[in-house]
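Novice: Before I ask anything, here is the structure I am working with.
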Amino acid sequence: MSIPLEFHYDFLTSLVLTDPDFPRKIKLMKRAGVKTVWLDNYIYGEWQNSLEDARRAKAILEDEGFEVQAICVPLGHGSNALNGDEADPTLPPSWQNRIDAHGNRQGTTTCVDDTVIAWYKEAVRIHKELGFTKLFYDDDLRMGSWGAHLQGCFCPHCMDRFYQKYPQYDGMKPLDIVATATEGNDLWNAWADIQCDAVLRFLDETTPEGLTPGIMVMHNGDRRHGLDISRIKAHFPNALFRVGEGHFDDGSFHHPLCRPSIETCIKKHLSLIGSIDKAFSETTTYPVGALSPENWIEKMRWEIRCGLRNLFLMSGNVFLTDPYWEALIHARDELEALAEETPLPVLDGVYREDFVWHL
């Protein structure tokens, strides 16, 4: 059995309506095989366009034959992950920064509290009214930054939730938690559960009936970052997942640990996701031009051999330049043939190799 290769791409809604060159870009996407596009409407709690513009852009793209869905950048990456030429984004004043174990606020990252959930519940409701049936959240829907250590939000609100659920640890200080918790022990699992609860609560309370949520899991993201793929899948059987790959530039791509780091993460995430059709790649160059078109295509070959069949092309909020589209158009037949001839992996929920911590 084989599953055909599908290409996805996301971009700002405003490009459809304001870029005089967009009709030509539509032709490039079609020639490259893109069938589904994901519109960026809502970023860090702010609409990027009017609702009427979202409705118009969606209709234009559907008339061109694309499936049109939506993507949100929900909580803040901690730096500008959308356009390297712009300043770091700001968060709404009513949102609370995530706080690390040392009591330091993590800039432009957010604690999942009642305020944030209320904002997104309304935003997602509007997306559904606009006709979107799938909504992907970018990989800042998490409770920690990249890294192998146990993380989370240690603000008073999150500490209170921890003490209430696990009274045996009542009064334990944040630094004592991270110093005492070792992977797999009761304290580690309890703290990780609280962080995973926050992400699952976000999805549970903001997702209306009839809308399929998707979560983009960061490279090597797991329970230590509040990302429990198995729990999310159990709660939302139709949920979509983008695996984490990282390595968005030629420097990291040529490092000897790049390929094992990417492939181990893909296989580990894919095994937990359990469905080829629910899994998406992180085929990203960021900023645009940082990863050469040749290496971008090579990355796709790795993704296909690992079992991915939904390739999600990503480039922040800057539209991919012509050399990338030309490279994909040239390689499209080869990539589709590779997907056809490569056996799909057995997904049993268990992949025992440890993450390779290189980014």
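The values are calculated or read from the model by the stated rules, or taken from the named source; none is laboratory data. All values reported here derive from a predicted model rather than from experimental measurement. Here the Cβ is made from the backbone with ideal geometry for all residues, glycine too, and neighbour counts use every protein chain on show. Remember, those area values only see protein heavy atoms, side chains included, never the ligands or the DNA or RNA. Shrake-Rupley method; radii C 1.70, N 1.55, O 1.52, S 1.80 Å.
Novice: Find the residue count for the range 227-254, including only residues that are of a type in the set (Gly, Ala, Ser), touching a residue at least 60 places away in the same chain (Cβ under 8 Å) and closer than 24 Å to residue 38 by Cα.
Specialist: Filtering the range 227-254 down to residues of a type in the set (Gly, Ala, Ser) leaves 230, 234, 239, 244, 246, 251-252.
Right, trim to touching a residue at least 60 places away in the same chain (Cβ under 8 Å) and you get 230, 244, 246, 252.
So of that shortlist, the ones also closer than 24 Å to residue 38 by Cα come out as 244, 246.
Within the range 227-254, residues that are of a type in the set (Gly, Ala, Ser), touching a residue at least 60 places away in the same chain (Cβ under 8 Å) and closer than 24 Å to residue 38 by Cα number 2.
Novice: Quick one: in the range 329-356, of everything that is of a type in the set (Val, Ile, Thr) and open to solvent by 30 Å² or more (accessible area, probe 1.4 Å), which residue is farthest from residue 259 (Cα to Cα)?
Specialist: Ranking the candidates gives 329 first.
Novice: Name, by its number, the condition in (1) over 16 Å from the mean Cα position of the chain (by Cα); (2) more than 30 Å from residue 208 (Cβ to Cβ); (3) modelled with pLDDT of 95 or more; (4) not in a helix (DSSP H, G or I) that does not hold for residue 295.
Specialist: Exception for residue 295: condition (4).
Novice: Within the range 164-186, how many residues are surrounded by fewer than 20 Cβ atoms within 10 Å (Cβ to Cβ) and in a helix (DSSP H, G or I)?
Specialist: 11
Novice: Follow-up. Look through 284, 212 and report the one residue that is of a type in the set (S, T, N, Q) and either closer than 23 Å to residue 123 by Cα or in contact with a Pro (Cβ under 7 Å, 6 or more places away or on another chain) (or both). Talk me through it step by step, then tell me what you get.
Specialist: Details: 284 fails: either closer than 23 Å to residue 123 by Cα or in contact with a Pro (Cβ under 7 Å, 6 or more places away or on another chain) (or both).
Being of a type in the set (S, T, N, Q) and either closer than 23 Å to residue 123 by Cα or in contact with a Pro (Cβ under 7 Å, 6 or more places away or on another chain) (or both) holds for just one of 284, 212, which is 212.
Novice: (1) among the aliphatic types (A, V, I, L, M); (2) assigned to a helix (DSSP H, G or I); (3) at pLDDT below 95: which one isn't true of residue 150, the others all being true?
Specialist: Residue 150 satisfies every listed condition except (2).
Novice: A further question on this structure: Testing residue 278 on (1) more than 21 Å from residue 255 (Cβ to Cβ); (2) in contact with a Ser or Thr (Cβ under 9 Å, 6 or more places away or on another chain); (3) open to solvent by 10 Å² or more (accessible area, probe 1.4 Å), one condition comes back false. Which one is that?
Specialist: Against the list (1) more than 21 Å from residue 255 (Cβ to Cβ); (2) in contact with a Ser or Thr (Cβ under 9 Å, 6 or more places away or on another chain); (3) open to solvent by 10 Å² or more (accessible area, probe 1.4 Å), residue 278 comes up short only on (2).
Novice: Would you confirm, using the coordinates I've provided, whether residue 41 is touching a Ser or Thr at 6+ places or on another chain (Cβ under 6 Å) and more than 21 Å from residue 286 (Cα to Cα)? Outline the logic, then answer.
Specialist: Working: touching a Ser or Thr at 6+ places or on another chain (Cβ under 6 Å): yes; more than 21 Å from residue 286 (Cα to Cα): no.
Here the answer is no, as residue 41 does not meet what is asked.
Novice: For residue 201, which of the numbered conditions (1) surrounded by fewer than 20 Cβ atoms within 10 Å (Cβ to Cβ); (2) outside any helix (DSSP H, G or I); (3) not hydroxyl-bearing (Ser, Thr, Tyr) fails to hold?
Specialist: All conditions are met except number (2).
Novice: Related question: Return the only residue of 326, 303 being more than 17 Å from residue 261 (Cβ to Cβ), of a type in the set (Asp, Glu) and outside any strand (DSSP E or B).
Specialist: Numbers: 303 fails: more than 17 Å from residue 261 (Cβ to Cβ).
Result: 326 is the single residue among 326, 303 that is more than 17 Å from residue 261 (Cβ to Cβ), of a type in the set (Asp, Glu) and outside any strand (DSSP E or B).
Novice: Something else: Within the range 17-65, how many residues turn out to be assigned to a helix (DSSP H, G or I), over 24 Å from residue 6 (Cβ atoms) and of a type in the set (D, E, K, R)?
Specialist: Going through the range 17-65, the residues assigned to a helix (DSSP H, G or I) turn out to be 17-18, 22-32, 51-63.
Okay, now just the ones that are also over 24 Å from residue 6 (Cβ atoms), so 17-18, 51-53, 55-56.
From what is left, the residues that are of a type in the set (D, E, K, R) are 52-53, 55-56.
The qualifying residues number 4.
Novice: Among residues belonging to the range 19-47 that are at positive phi and not hydroxyl-bearing (Ser, Thr, Tyr), point out the one that is surrounded by the fewest Cβ atoms within 10 Å (Cβ to Cβ). Steps first, please.
Specialist: Just the residues of the range 19-47 that are at positive phi, to begin with: 33, 44-45.
Then drop every residue that is not not hydroxyl-bearing (Ser, Thr, Tyr), which leaves 33, 45.
Working: 33: 16, 45: 22.
Per the criteria, the residue is 33.
A quick yes/no check of all residues on (1) aliphatic (A, V, I, L, M); (2) touching a Gly at 6+ places or on another chain (Cβ under 9 Å); (3) closer than 18 Å to residue 120 by Cβ:
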{"position": "184", "(1), (2), (3)": "no, no, no"}
{"position": "203", "(1), (2), (3)": "yes, no, yes"}
{"position": "233", "(1), (2), (3)": "no, yes, no"}
{"position": "246", "(1), (2), (3)": "no, no, no"}
{"position": "251", "(1), (2), (3)": "no, no, no"}
{"position": "254", "(1), (2), (3)": "no, no, no"}
{"position": "261", "(1), (2), (3)": "no, yes, no"}
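Novice: Right, next: With the checklist (1) in a loop (DSSP other than H, G, I, E, B); (2) at pLDDT 95 or above; (3) within 27 Å of residue 236 (Cα to Cα) in hand, flag the one item residue 161 doesn't pass.
Specialist: Tallying (1) in a loop (DSSP other than H, G, I, E, B); (2) at pLDDT 95 or above; (3) within 27 Å of residue 236 (Cα to Cα), residue 161 fails exactly one: (1).
Novice: Scan the range 135-146 and tell me whether some residue there is crowded, with 18+ Cβ neighbours inside 10 Å, out of contact with any His (no Cβ under 7 Å at 6 or more places or on another chain) and either at pLDDT below 90 or assigned to a strand (DSSP E or B) (or both).
Specialist: yes
Novice: In the range 40-67, what count of residues is obtained for those that are in contact with a Lys or Arg (Cβ under 8 Å, 6 or more places away or on another chain) and touching a residue at least 40 places away in the same chain (Cβ under 8 Å)?
Specialist: Just the residues of the range 40-67 that are in contact with a Lys or Arg (Cβ under 8 Å, 6 or more places away or on another chain), to begin with: 64-67.
Those left that are additionally touching a residue at least 40 places away in the same chain (Cβ under 8 Å): none.
Total satisfying the criteria: 0.
Novice: Same structure, new question: With 214, 251, 210 as the choices, which residue is at pLDDT 95 or above and in a loop (DSSP other than H, G, I, E, B)? Talk me through it step by step, then tell me what you get.
Specialist: Numbers: 214 fails: in a loop (DSSP other than H, G, I, E, B); 251 fails: in a loop (DSSP other than H, G, I, E, B).
From the options 214, 251, 210, the qualifying one is 210.
Novice: Check whether at least one residue in the range 187-196 is surrounded by 20 or more Cβ atoms within 10 Å (Cβ to Cβ), in contact (Cβ under 8 Å) with a residue 24 or more places away in the chain and either among the basic types (Lys, Arg) or touching a Cys at 6+ places or on another chain (Cβ under 8 Å) (or both), and report yes or no.
Specialist: yes
Novice: In addition: Across the range 307-325, which residue is farthest from the chain's Cα centre (by Cα) among those that are open to solvent by 10 Å² or more (accessible area, probe 1.4 Å) and in contact (Cβ under 8 Å) with a residue 40 or more places away in the chain?
Specialist: 322
Novice: Looking only at the range 255-282, which residues are in contact (Cβ under 8 Å) with a residue 24 or more places away in the chain and not in a helix (DSSP H, G or I)? Break it down stepwise before answering.
Specialist: At the first step, the residues of the range 255-282 found to be in contact (Cβ under 8 Å) with a residue 24 or more places away in the chain are 255, 257-282.
Correct list: 255, 257, 274, 275, 279, 280, 281, 282.
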